[in-house]
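Reading through the structure tokens given below for one structure.
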Amino acid sequence: MDWKTLESLLSGVNKYSTGFGRIWLSLVFVFRVMVFVVAAERVWSDDTKEFDCDTKRPGCPNACYNYFFPIIHTRLWALQLIFVTCPSFLVVMHVWYREDRERKYRLTYGEGAKLYDNPGQKHGGLWWTYLFSLFFKTAIEIGFLYLLHLIYNNFDMPRSVVCDIEPCRQVTCYIARPTEKRVFTYFMVGASAICIILNVCEIFYLIAMRIFTNRICAHLRLNNSKMNIKCLFIPAVQRTPSATLHSHVERSGPPQRYYFERCTSLKYY
């Protein structure tokens with residue numbers, strides 16, 4: 001697999017991410033993808049050939065290997081890395097959708113017209129898309145960890161296994177480089193656990209900032225007479241996300257669906 005292509009596609013996610021998201025992306029590529037590509041794949045490269053058993057009965061080593069290793073670690077990790085990075089593309093595609101709407105709007109109403117102050121600003125639908133991607137990534141990480149724990153008891157890698165299936169009966173088979181594989185397994189599991197913690201922290205951060213912003217807006221609405229702030233119902237295409245705390249400019253434009261504009265500047269959000 002060409003991991004460089006995946007890295008180039010996800011590099012654009014950085015500018016739409018929070019601090020937690022940037023740390024998560026760095027951790028994924030430095031401590032997971034690089035370790036997987038540079039070292040882990042080589043450790044499991046000749047795993048089938050080096051799986052020795054006490055008997056030379058035809059088909060016995062393959063049957064025992066398939067029984068104890070239904071899916072090899074590296075392939076499971078490759079699937080995990082692909083699935084866990086896919087939700088980030090939802091955010092990028094949502095931004096592309098906004099940019100396309102912005103382009104069409106300018107073609108219709110002139111170059112000076114603006115539909116969004118910043119298409120990558122996490123508010124409205126993009127905020128929900130970003131939050132959904134975090135829940136999706138966390139669920140995928142937990143699911144793959146549980147699957148790895150289910151297949152390989154407690155993420156362990158024993159030195160030998162006793163095979164008792166056809167065509168083998170009470171045959172001892174020996175795993176190549178068990179300590180090295182155990183170290184890489186614990187490392188990848190630990191990196192995955194840290195990514196889960198970062199995702200949870202980012203979820204709480206986004207929700208906390210959303211609550212904080214809504215409270216500020218509610219407080220300003222209560223005191224709008226003193227601070228000279230007007231919260232208006234205005235068309236979506238006329239919203240001014242960069243409005244300051246003390247003013248709100250109402251613009252004319254084509255009729256659109258109406259939204260309630262926040263009183264506060266989106267720099268708090």
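Computed values, structure above
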{"read-out": "Cα→Cβ-extended label distance, 7 Å offset, between Arg210 and Arg22, nm", "value": "2.3"}
{"read-out": "Förster radius 41 Å - calculated FRET efficiency between Leu131 and Ser45 (Cβ-Cβ, nearest 0.05)", "value": "0.55"}
{"read-out": "Residue-span extension gain [Val30 to Glu111] - 0.36 nm each, minus C-alpha spacing", "value": "25.0 nm"}
{"read-out": "Cβ-derived FRET efficiency at R0 41 Å, Arg221 paired with Leu90, nearest 0.05", "value": "0.80"}
{"read-out": "Sequence-distant residues sharing a close amide H with Cys163 (under 5 Å, placed H)", "value": "Val171, Thr172, Cys173"}
{"read-out": "For the stretch 164-180, Karplus couplings with θ = phi - 60° (6.51, -1.76, 1.60), whole Hz, Gly/Pro x", "value": "9, 10, 5, x, 10, 9, 6, 9, 8, 10, 10, 8, 6, 6, x, 5, 4"}
{"read-out": "Under Karplus coefficients 6.51, -1.76 and 1.60, residue-wise ³J(HN,Hα) of the stretch 38-44 in Hz, glycine/proline x", "value": "6, 10, 4, 4, 6, 5, 9"}
{"read-out": "Segment Ile82-Val162, extension gain: residue separation times 0.36 nm, minus the distance between their alpha carbons", "value": "25.4 nm"}
{"read-out": "Projected label distance in nm at Glu102 and Arg169, using a 7 Å step from Cα toward the beta-carbon", "value": "7.3"}
{"read-out": "Share of carbon and sulfur in the accessible heavy-atom surface of the stretch 1-146 [1.4 Å probe, %]", "value": "61"}
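The values are calculated or read from the model by the stated rules, or taken from the named source; none is laboratory data. Bear in mind the structure is a predicted one, so any value in this text is a computation, not a measurement. Cβ sites come from the backbone with ideal geometry, for glycine too, and all protein chains shown count toward neighbours. To get the accessible areas, we keep the full protein, side chains included, count just its heavy atoms, and leave off ligands, DNA and RNA. Shrake-Rupley method; radii C 1.70, N 1.55, O 1.52, S 1.80 Å.
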